[in-house]
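Student: Dropping a structure here in structure tokens format, bear with me for questions.
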Amino acid sequence: MPKFIPYNHDQNAMVVINFRDQLQPGTFEHAIHYLIHEKLDLSIFDYAYRNKDGGRPAYNPAILLSVVLFAYSKGITSSREIEWCCTNNIIFKALSCDTVPHFTTIASFISSHPQAIESLFEQILLVCHEQGLLGNELFAIDGCKMPSNASKEWSGTFKELQQKRAKLKKLIRHHMREHRRIDKTESADAEKQKRTTQTIETLSKAHDKIDKFLKTATPRMGQAKRPTEVKSNITDNESAKMTTSKGTIQGYNGIATVDKKHQIVIDAQAFGAGQEHHTLQPVIERIKVRYQKLKIARNIYRKNVLVTADTGFANEANMEYLHDNKINAYVPDNKFRSRDPKFADQKTKYGKRQPIKKIQTRYKEVIPASEFHLDAQTKTCICPTGETMWLKREGTDRYGKHQKLYFEGRLSKCRVCPLKTQCMQNPDSANHRSGHGRQVSFIIDKERKNKYTEWMKVRVDSELGKMVYSHRMSTVEPVFANIGTNKGLKRFSLRGRAKVQGQWQLFCIIHNIEKLANYGNLTRAKRK
Ligand code: SF4
């Protein structure tokens, strides 16, 4: 029989631990510790502390920031869990020097300083710049939709919420009647009565919550040029109900701009909207201002930096903005793959990425308007059988912006036309004296409308455009994968855009610190 050293788990031991020894150079915790104590100016948090002449000392922001950043890097966003880690985990103990901040202190610290977090983000970015991690050759912009601390069940337009309130009122009345009925019966069941009372209380709370919201808030409008009402949310009215590849969520879209050289996040903003069109201009402007402020470049876009974003950011207004501001951008429209011969057999080879459900309509497919020949100069239209159609009406599109021409086939021609079953929705209508021939309409200044989209199409369809755009995915997507999958930061735990933006920037700071730890020279820092 071999002999082994005996061991016993049921014993206590006193171990001498040096906290500094726990923060070994080369580790992520060391990078956090080094940056916070050697590089960052944390006086930005001082405005919040007014205990100079009285009151007990507060936890140092350096300690709170260290534990919050380390916790986030492990996917821990719960303040109670962070407090537990400060009590039980040696690295947390080392970072916090064995002070154990209460979870309410941690929660308040994270949610109360969005402006200071913005400053921290910039300071970290400046360290990245000083250490040569920024290439400033190509920026890729993309969004990552994450749920926040609000339920989609509390979302709706004002009309929908009013209907929900009425429904709840009806339910409350029903349960009240039920309660009275049980009360009157001789063998009143106490348990049943209690359940009914609880149900009434729950429904009343929900009713009052909706009622209060409807009385105090105003309908939330979308970002379009002609805004229509979008869904409000009773819990966090700045968040949005949005559709993602993982289903419908209530949350925010975290937009990140990433520098290609080392995938450093140079801008992080959160927007409470599913659509990304309106986020492009604020993001581009913020980067310009930040680079000026940090004295990296007076106008970074004058240095011919390439900017790419996916099709979600493409619309005419954004293309016009990029064109007028001479930004060297490549933002394709959603048809650019279908124009590229390299992707011609993609669908047959791999199938459709997201099979679209066939929508049952009462309309059959007929010969499209593109098969008709329009002469916008003479305002004439020739149908597929070569017959001249008559100009029925001249007007504008439904937005009143663009000129539109409405043509109709001559009844006498359509009635006897061999193509009428393919050309008309209802070929029988041509047989009636009061019927109609085929009708088509054209927006005649559409080309002018999409002038800047056409300009971008030429750019992205060029060889250079395809080469530049091919770098977008490999630049920005790994950042989201690192934050969401490696770090486990998959949801925002706060409410309100300012707070969520602060949290999104903290997520991105984690990513940038990791890059500094891996590619910077923080590890060569001298030990005190
Ligand atoms: S149905 Fe009328 S409009 Fe259509 S192809 Fe025939 S003649 Fe022309």
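Student: Tally up the residues in the range 14-37 that are open to solvent by 60 Å² or more (accessible area, probe 1.4 Å) and modelled with pLDDT of 90 or more, please.
Tutor: Number satisfying all stated conditions: 9.
Student: Report yes if some residue within the range 493-510 is in contact with a strand residue (DSSP E or B) (Cβ under 9 Å, 6 or more places away or on another chain) and over 21 Å from Leu120 (Cβ atoms); otherwise report no.
Tutor: No: the range 493-510 contains no residue that is in contact with a strand residue (DSSP E or B) (Cβ under 9 Å, 6 or more places away or on another chain) and over 21 Å from Leu120 (Cβ atoms).
Student: Taking the residues in the range 420-434 that are among the small types (Gly, Ala, Ser) and more than 9 Å from the ligand (Cβ to nearest atom) as candidates, determine which candidate is nearest to Thr385 (Cα to Cα).
Tutor: Ser429
Student: Here is a check on your reading of the model: is Phe313 in contact with a Leu (Cβ under 6 Å, 6 or more places away or on another chain), at pLDDT 90 or above and open to solvent by less than 60 Å² (accessible area, probe 1.4 Å)?
Tutor: yes
Student: Among all residue pairs at least 6 apart or on different chains, which show Cβ distances below 8 Å where the first residue, located in the range 487-512, is of a type in the set (Phe, Trp, Tyr) and the second is in a helix (DSSP H, G or I) and open to solvent by less than 30 Å² (accessible area, probe 1.4 Å)?
Tutor: Sorted first by the residue in the range 487-512, then by its partner, the pairs are Phe492/Val500; Phe492/Gln503; Phe492/Trp504; Phe507/Tyr72; Phe507/Ile483.
Student: Where in the range 21-110 are the helices (runs of 4 or more DSSP H), entirely inside, with at least 2 residues that are out of contact with any Leu (no Cβ under 9 Å at 6 or more places or on another chain) and touching a residue at least 60 places away in the same chain (Cβ under 8 Å)?
Tutor: Because the criterion is at least 2 residues that are out of contact with any Leu (no Cβ under 9 Å at 6 or more places or on another chain) and touching a residue at least 60 places away in the same chain (Cβ under 8 Å), the helices (runs of 4 or more DSSP H) in the range 21-110 that meet it are 90-95.
Student: Please work out which residue is least open to solvent (accessible area, probe 1.4 Å), limiting yourself to the range 380-394 and to residues that are of a type in the set (D, E, K, R) and either touching a residue at least 60 places away in the same chain (Cβ under 8 Å) or within 15 Å of the ligand (Cβ to nearest atom) (or both).
Tutor: Glu387
Student: Something else about it: If we keep just the residues of the range 395-419 that are without any contact (Cβ under 8 Å) to a residue 12 or more places away in the chain and open to solvent by less than 80 Å² (accessible area, probe 1.4 Å), which is farthest from the ligand (Cβ to nearest atom)?
Tutor: Among them, the one singled out is Gly400.
Student: If you check Met467 against the conditions, is it within 17 Å of the chain's Cα centre (by Cα), open to solvent by 30 Å² or more (accessible area, probe 1.4 Å) and modelled with pLDDT of 90 or more?
Tutor: In short, no.
Student: Quick check: is even one residue across the range 115-135 touching a Pro at 6+ places or on another chain (Cβ under 9 Å) and either among the hydrophobic types (A, V, I, L, M, F, W, C) or surrounded by fewer than 16 Cβ atoms within 10 Å (Cβ to Cβ) (or both)?
Tutor: Yes, some residue in the range 115-135 is touching a Pro at 6+ places or on another chain (Cβ under 9 Å) and either among the hydrophobic types (A, V, I, L, M, F, W, C) or surrounded by fewer than 16 Cβ atoms within 10 Å (Cβ to Cβ) (or both).
Student: Among the residues of the range 427-441, write down those that are surrounded by 14 or more Cβ atoms within 10 Å (Cβ to Cβ) and among the polar types (S, T, N, Q).
Tutor: Once the filter is applied, which keeps residues that are surrounded by 14 or more Cβ atoms within 10 Å (Cβ to Cβ) and among the polar types (S, T, N, Q), the range 427-441 yields Ser429, Gln439, Ser441.
The values are calculated or read from the model by the stated rules, or taken from the named source; none is laboratory data. Owing to the predicted nature of the structure, the values given are computational and were not obtained by experimental measurement. As a convention, Cβ positions derive from the backbone with ideal geometry for all residues, glycine included, and neighbour counts pool all protein chains shown. Heads up: the accessible areas ignore ligands, DNA and RNA and are worked out on the full protein's heavy atoms, side chains in. Shrake-Rupley method; radii C 1.70, N 1.55, O 1.52, S 1.80 Å.
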